[in-house]
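Novice: Handing you a structure now.
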Amino acid sequence: MDYKIVFSDIDGTLLNEQRELSETTILEIKKLKDKVPFILISARMPAAMKHLQKELEIEELPIISYNGGLVIVDNKVVSSTEISLEIIEDLSALNAEINCHLSLYHKDDWYVPKMDQWALREENNTKVTPQVKSNSEVIQKWRSESKGAHKIMAMGEETHIDKIQDYLIRKYPEELHLYRSKDTYLEIANKKISKFTAIKFLLKQHYRISIEEAIAIGDNYNDVEMLRNIGYGIAVGNARREAREASNFIAEKSIEDGVAKSLMKIFGF
């Protein structure tokens, strides 16, 4: 198959142990330039992806952020799907008793209730500094602006995250996607979207490329759907079992330049 486009997850897939792009990864992706688009697709916010695009010299290419909740082409939003303010209010009220960290995201705005260990860790990982504002203040602000959240990130003790997950599964089974990236992390998105729905949208509306001609690379639960349904799915060696089973090929680990080595094998540039 003559593959015409590559979609790659970031965390756990593209980055090394320092959560940075290795020289090998940068070199191999640059070889694709003007031949095969290399699209970043992540649960991250756009601002946490753009510095990686710059390093890879692919700033002109689209990005898919928030697990498909926000698609940007030519620096313009072409698809946006939010979590309703009513659900955010309900979760915030529940969390008043649990006291987990709730990060609220909309486009390039990231709000944290305080700069605690969770906020500092995410700041270090994503190279983005959040705005400090209580959940209630953000809700009040968004109500006046008719906004919702592109993503909610709950971070805290495993038992507390369990309570939030169980509650949301029970109350909003048809409204929310819940991704447990770690025992202490829960990513919350609108159930109408996923990485795969965003890929289909972008291929149809922007590239006119078929699903069969596309490659996707990932490692985690939120990558399973795209890995299973894409033309050629690649799981890095450190991927979760579900991601590996959904893929056509298992590459080396992310910290062993799995993405770069896969590109070399497939394209040979």
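The values are calculated or read from the model by the stated rules, or taken from the named source; none is laboratory data. Bear in mind the structure is a predicted one, so any value in this text is a computation, not a measurement. Note that each Cβ is placed from the backbone with ideal geometry, even for glycine, and that neighbours are counted across all protein chains shown.
Novice: Say whether the condition of being hydroxyl-bearing (Ser, Thr, Tyr) and surrounded by fewer than 18 Cβ atoms within 10 Å (Cβ to Cβ) is met by at least one residue in segment 106-128.
Specialist: No, because not a single residue in segment 106-128 is hydroxyl-bearing (Ser, Thr, Tyr) and surrounded by fewer than 18 Cβ atoms within 10 Å (Cβ to Cβ).
Novice: Also, I was wondering about something else. If you take the residues of segment 171-198 that are among the charged types (D, E, K, R) and more than 11 Å from the chain's Cα centre (by Cα), which of them is nearest to residue 222 (Cα to Cα)?
Specialist: So, considering only residues that are among the charged types (D, E, K, R) and more than 11 Å from the chain's Cα centre (by Cα), the one nearest to residue 222 (Cα to Cα) is 180.
Novice: What tally of residues in segment 81-107 results from selecting those that are assigned to a strand (DSSP E or B), hydrophobic (A, V, I, L, M, F, W, C) and in contact with a Lys or Arg (Cβ under 9 Å, 6 or more places away or on another chain)?
Specialist: Summing the residues that are assigned to a strand (DSSP E or B), hydrophobic (A, V, I, L, M, F, W, C) and in contact with a Lys or Arg (Cβ under 9 Å, 6 or more places away or on another chain) in segment 81-107 gives 2.
Novice: For segment 168-210, enumerate the residues that are farther than 18 Å from residue 157 by Cα and in a strand (DSSP E or B). Break it down into steps so the answer makes sense when it comes.
Specialist: Filtering segment 168-210 for residues farther than 18 Å from residue 157 by Cα gives 169-177, 189-210.
Within segment 168-210, 176, 177, 189, 190 meet the criteria.
Matching residues to (1) without any contact (Cβ under 8 Å) to a residue 12 or more places away in the chain; (2) within 26 Å of residue 104 (Cβ to Cβ):
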{"position": "180", "(1), (2)": "no, yes"}
{"position": "200", "(1), (2)": "yes, no"}
{"position": "206", "(1), (2)": "no, no"}
{"position": "210", "(1), (2)": "no, no"}
{"position": "243", "(1), (2)": "no, no"}
{"position": "258", "(1), (2)": "no, no"}
{"position": "268", "(1), (2)": "yes, no"}
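Novice: Being among the aliphatic types (A, V, I, L, M), assigned to a strand (DSSP E or B) and surrounded by fewer than 16 Cβ atoms within 10 Å (Cβ to Cβ) is the requirement here; does residue 78 meet it?
Specialist: Working: among the aliphatic types (A, V, I, L, M): yes; assigned to a strand (DSSP E or B): yes; surrounded by fewer than 16 Cβ atoms within 10 Å (Cβ to Cβ): yes.
So residue 78 fits the description; yes.
Yes or no, residue by residue, for (1) free of Cβ contacts under 8 Å to residues at least 60 places away in the same chain; (2) β-branched (Val, Ile, Thr):
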{"site": "47", "(1), (2)": "no, no"}
{"site": "123", "(1), (2)": "yes, no"}
{"site": "134", "(1), (2)": "yes, no"}
{"site": "138", "(1), (2)": "yes, yes"}
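Novice: Just wondering, is there one or more residues in segment 226-247 that are within 23 Å of residue 26 (Cα to Cα), part of a helix (DSSP H, G or I), assigned by TED's automatic domain parsing to the domain that holds residue 75 and not hydrophobic (A, V, I, L, M, F, W, C)?
Specialist: Among the residues of segment 226-247, not one is within 23 Å of residue 26 (Cα to Cα), part of a helix (DSSP H, G or I), assigned by TED's automatic domain parsing to the domain that holds residue 75 and not hydrophobic (A, V, I, L, M, F, W, C), which makes the answer no.
Novice: Okay, next question. Can you give me the number of residues within segment 20-35 that are crowded, with 19+ Cβ neighbours inside 10 Å, of a type outside the set (Ser, Thr, Tyr) and not in a helix (DSSP H, G or I)?
Specialist: Here the count works out to 1.
Novice: Kindly list, by first and then second residue, each pair from a residue in segment 50-64 that is touching a residue at least 60 places away in the same chain (Cβ under 8 Å) to a residue that is assigned to a loop (DSSP other than H, G, I, E, B), limited to pairs with Cβ atoms under 7 Å and residues at least 6 apart or on different chains.
Specialist: Close Cβ pairs satisfying both conditions: 51/127.
Novice: Do you know which residues across segment 140-154 are over 23 Å from residue 242 (Cα atoms) and of a type outside the set (Lys, Arg)?
Specialist: Result: 140, 142, 144, 145, 146, 148, 149, 150, 152.
Novice: Quick one: which residue in 190, 99 is more than 30 Å from residue 17 (Cβ to Cβ) and crowded, with 21+ Cβ neighbours inside 10 Å? Outline the logic, then answer.
Specialist: Values: 99 fails: crowded, with 21+ Cβ neighbours inside 10 Å.
The match here is 190.
Novice: Looking only at residues that are at pLDDT 95 or above and over 16 Å from the mean Cα position of the chain (by Cα) in segment 1-19, which one is surrounded by the most Cβ atoms within 10 Å (Cβ to Cβ)?
Specialist: 5
Novice: Hey, another quick one. Being at positive phi, surrounded by 15 or more Cβ atoms within 10 Å (Cβ to Cβ) and at pLDDT 95 or above: is that true of residue 50 here?
Specialist: No: the conditions fail for residue 50.
Novice: Could you tell me which numbered condition residue 168 fails, if it satisfies all but one of (1) crowded, with 17+ Cβ neighbours inside 10 Å; (2) under 30 Å from residue 104 (Cα atoms); (3) not assigned by TED's automatic domain parsing to the domain that holds residue 119?
Specialist: (3)
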